[in-house]
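Right, one structure below, let's go through it.
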Amino acid sequence: MELHQKLTILGIVLLIFTFVIHTFHEQNHPGVGFNYAYVTGIAMLLVFSISFILFNKDKLGNTK
């Protein structure tokens, strides 16, 4: 399995964690405190971005 595929799977796991953390926070502490779903959400975006860049690195280098 290639690195970009592993990163995509990690991004999906982070997406699920983000959704669960956000849902839990909104149900138990609506509007109070810091929502840690932002942390996993930003990590998810970074992982998906790196995966996208690795998958398309050949195409990104040949922009003619």
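The values are calculated or read from the model by the stated rules, or taken from the named source; none is laboratory data. For clarity, every value in this text was computed on a predicted model and none was experimentally measured. Heads up, the Cβs are rebuilt from the backbone with ideal geometry, glycines too, and the neighbour counts pull from every protein chain shown. Accessible surface is based on the protein model in full, side chains and every heavy atom, while ligands, DNA and RNA are left aside. Shrake-Rupley method; radii C 1.70, N 1.55, O 1.52, S 1.80 Å.
Where helices (runs of 4 or more DSSP H) fall wholly inside the chain, the ranges with 1 or more residues that are β-branched (Val, Ile, Thr) are 3-28, 37-55. When LEU14 is tested against the conditions (1) without any contact (Cβ under 8 Å) to a residue 24 or more places away in the chain; (2) open to solvent by less than 100 Å² (accessible area, probe 1.4 Å); (3) not basic (Lys, Arg), the lone failure is (1).
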